[in-house]
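Peer 1: Before I ask anything, here is the structure I am working with.
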Amino acid sequence: MILFRRALAPLLAALIATPAIAAPALWKFGDADTTIYLFGTIHALPPGYQWQDARIRKAMAAADTLVVETQIDKDPQAIARLFPPPDPNLPPIVERLPEKLRPRFIQQVNDARISMASLDRMPTWQAAFVMMGTTIKKLGIQREAGVEAKITPAFEPQAISAAAPGARIRKVEALETASAQLELFSTLPEQDQRELLAAMVDTQSGARTDYDRLLSSWANGNQIEIARAFEKDEDLTPHLREVLLRRRNANWTEWLKKRLDVPGTVFVAVGAGHLAGPLSVQTMLAAQGIKVQRIYNSRVRARSSRH
């Protein structure tokens, strides 16, 4: 599916050079005693990829709270419950793919030295995540180099204790738990799970070209191109669009609206695709009368005042 290849671009971006002037898109909104920054992220990047500029550093320095998409559940059983015993009614994993993708899938599994028998025992969505992991590894990108991994430590307790006496307390919050996020996939209808698996298999062949382009769009703050990548997807089912994009954005919009009742400065970092296009969080906030302002890098031409 085109959507999954492009929506997962932050996870599958190839190793391209950092632009001379990196300027990912940044927004803010607020009221008299609350300021909220919105920043679209890439969850995994090549090691050493430079993306911060003065705007972003200033916004993060001002924030007393970092809000990310997910945090690990305190109850380890919460995630474990999402991995049920194998369903004996599911066919072998290769038979859950379109026939034209089966030879490619078998080759990818063999190249990654994954046990086909272990994939046969997995729910389809879980097998799709395994295949996504093989592509990440093949392309040499790392979650440890991604945006969230780089910015979270400064808000954690050990950073506060190491700071000068009297330093303000900062914290990390999340819009979703990891188990809630995984549940979005585990509760998908089987046909949608199979489309996800097919997308993971199909991704590897064109990953470097497709995701170089989207990573470049992100690094240069080109929201129009990011939105276009989603809008052009002809294979996305209405159910997938509803569950993975619109519903989550609507939930986050309500959270952000309520957060305005709490004084302080918040830096919200979520996947870049959630902040682009007609279903973006900013569009939903605007529909509720909340004006969101984009903060441009003064050295970069503003491509559009609509995003």
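Peer 1: Please state which one of Phe155, Phe105 is aromatic (Phe, Trp, Tyr), modelled with pLDDT under 90 and either in contact with a Leu (Cβ under 8 Å, 6 or more places away or on another chain) or under 30 Å from Ala219 (Cα atoms) (or both). Before you say what the answer is, go through the steps one by one.
Peer 2: On the way: Phe105 fails: modelled with pLDDT under 90.
After ruling out the rest, the residue left standing is Phe155.
Peer 1: Here's something else I'd like to know. Name every residue in the range 129-153 that is assigned to a helix (DSSP H, G or I), among the hydrophobic types (A, V, I, L, M, F, W, C) and under 20 Å from Arg208 (Cβ atoms), in order of residue number. I'd like the intermediate steps shown before the answer.
Peer 2: Let us first name the residues in the range 129-153 that are assigned to a helix (DSSP H, G or I), namely 129-139, 143-145, 147-153.
Now restrict to residues that are among the hydrophobic types (A, V, I, L, M, F, W, C): 129-132, 136, 139, 145, 147, 149, 151.
Answer for the range 129-153, where residues must be assigned to a helix (DSSP H, G or I), among the hydrophobic types (A, V, I, L, M, F, W, C) and under 20 Å from Arg208 (Cβ atoms): Met131, Met132, Ile136, Leu139, Ala145.
Peer 1: Consider the range 117-138. How many of its residues are over 13 Å from Ala198 (Cα atoms) and among the small types (Gly, Ala, Ser)?
Peer 2: In the first step, residues of the range 117-138 are kept if they are over 13 Å from Ala198 (Cα atoms); the result is 117-123, 133-138.
Going one step further and asking which of them are among the small types (Gly, Ala, Ser), we end up with 117-118, 133.
Final tally of qualifying residues: 3.
Peer 1: Could you tell me whether Arg247 is within 17 Å of the chain's Cα centre (by Cα) and among the basic types (Lys, Arg)?
Peer 2: Working: within 17 Å of the chain's Cα centre (by Cα): yes; among the basic types (Lys, Arg): yes.
Judged against the criteria, Arg247 is a match.
Peer 1: Also: So in the range 50-85, with the set limited to residues that are touching a helix residue (DSSP H, G or I) at 6+ places or on another chain (Cβ under 6 Å) and at pLDDT below 90, which one is farthest from Leu215 (Cα to Cα)?
Peer 2: Looking at the filtered set, the residue picked out is Ala78.
Peer 1: Name the residue, out of Leu188, Leu196, Leu184, that is of a type in the set (A, V, I, L, M), crowded, with 19+ Cβ neighbours inside 10 Å and assigned to a helix (DSSP H, G or I).
Peer 2: On the way: Leu188 fails: assigned to a helix (DSSP H, G or I); Leu184 fails: crowded, with 19+ Cβ neighbours inside 10 Å.
The conditions single out Leu196.
The values are calculated or read from the model by the stated rules, or taken from the named source; none is laboratory data. This is a predicted model, so every value here is computed, not measured. A quick note on method: Cβ atoms are made from the backbone with ideal geometry, for glycine too, and the neighbour counts reach across all protein chains shown.
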